[in-house]
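In what follows, a single structure is set out as structure tokens and then discussed.
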Ligand SMILES: Cc1ncc(COP(=O)(O)O)c(C=O)c1O
């Protein structure tokens, strides 16, 4: 089988560095909120280009806590898209605010600014654009809509470590940017981890309290908080991997080019990179009206693929209660029926991509 991702291939050249980092933490005897996290936060903020980064337990928590930090609460509304990974929705639900969905642009599959605008009400307390697959949203238009109405933007950057829009990193446009370091992400820990980036010192300070039981100083709790910390071992591992992130992103872009050159089937559409975008191809997602047949054809040829995501949020059993119906988000619904993610990781061999492309090119629906 050609695997979808290959963690071992990434680990091989890094093994010594990773082991040294883990050993350093074990020897320090300090496992939570220590020197490794402080250093990682500084290094990650510098990478993204924000003043602050606050490490938390996961990308879901990063979105949840960032929303609380910008003032989202029960009775308010938060707008995001109908075709996101469900944790975006879980994070909004955890704030107690109402989840409001917008449709996506058919080419980039990211938030459609016009649809967003039509969903804003006097109760809208935040907008969560999702830079899906590593393709940036149209941040110029989204931020303009938000700015005119003074609504904070919390970017979901879980799939966009190093993605640029108009030459600027995703995570720097909104009031806060939420990152996931889930193992499969372009920057992945060996467990759960996440971070919020921001230029707002009050948001950063509030997040530091929220993630640690609302504690301001030892045993003084000034707000109701959570246990959501990025631990020292994961921080030390992420510090090693962060040094390679740009190199890995370039390797992904090279592989996206190989796919682009190799795919010739008229039954598939290749992913579009908007003229203002620099994509980091967290996923390489093609579209086909014959998606399910193509997926089994590829499976028969020993090629692993996945679908991100087969069911839009409003048609998920858990979110029927939002009151939307089939047909409400035509672009998101169509995408969910057609998208197919091909194997994509920095170490993926050209010969494997050639095999995948010929299997697709010989697919006869
Ligand atoms: C778009 C998106 N948002 C949020 C998340 C949540 O991140 P985590 O799994 O670290 O909680 C993920 C990843 O799973 C994601 O892909």
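Read the figures in this text as sums done on the coordinates, not as results from a lab. All of these numbers come straight from a predicted model, not from anything done at the bench. Methodologically, a virtual Cβ is constructed for each residue, glycine included, from the backbone with ideal geometry; neighbour enumeration extends over all protein chains shown.
Report, to one decimal in Å, the Kirkwood hydrodynamic radius for the chain based on all distinct Cα pairs.
So the Kirkwood estimate lands at 21.0 Å.
Restricting to the chain, compute how many DSSP beta bridges are antiparallel as a %, nearest 5.
The antiparallel proportion sits near 60 percent.
When the chain is treated as a GNM, springs tying every alpha-carbon pair under 10 Å, which of 325, 38, 218 comes out with the largest mean-square fluctuation?
218
Pick from 151, 22, 142: which residue has the top mean-square fluctuation in a GNM of the chain where Cα pairs under 10 Å get a spring?
In the Gaussian network model the winner is 22.
Rounded to the nearest 500, what is the 222 nm mean residue ellipticity of the chain from helices alone, with -39500 (n - 2.57) per DSSP H run of 4+ residues and division by all residues? Don't jump to the answer; show the numbers that get you there.
Working: 13 runs with 142 residues, N = 365.
So the helix-based figure for the chain works out to -12000 deg cm²/dmol.
To make sure I understand, if each residue's beta carbon is the centre and we count other beta carbons within 10 Å, what order do 173, 7, 179 fall in, fewest to most?
7, 173, 179
Could you let me know the centre-to-centre spacing of region 133-175 and region 273-317, using Cα atoms, in angstrom?
About 23 Å separates the Cα centre of region 133-175 from the one of region 273-317.
Return 165, 248 ranked ascending by Cβ neighbour count within 10 Å, so the fewest neighbours appear first.
If I rank by nearby Cβ atoms, fewest first, I get 248, 165.
Considering the alpha-carbon set of region 1-145 alone, what are its Rg and its Dmax in angstrom?
Calculated on Cα positions, Rg and Dmax stand at 19.0, 55 Å.
Please rank 350, 119, 217, fewest neighbouring Cβ atoms within 10 Å first, as an exposure proxy.
Numbers: 350 11, 119 15, 217 8.
Least crowded to most crowded, the residues run 217, 350, 119.
Could you give log10 I(q)/I(0) at q = 0.11, 0.20 Å⁻¹ for region 245-361, computed by the Debye formula over C-alpha point scatterers of equal weight, without solvent?
-0.42, -1.10
Picking from 148, 224, 166, which is most flexible by a Gaussian network model of the chain using Cα springs under 10 Å?
Largest GNM mean-square fluctuation: 148.
Just the number, please: percent antiparallel of the DSSP beta bridges in region 1-157, rounded to the nearest 5.
Bridges in region 1-157 that DSSP calls antiparallel: roughly 10 percent.
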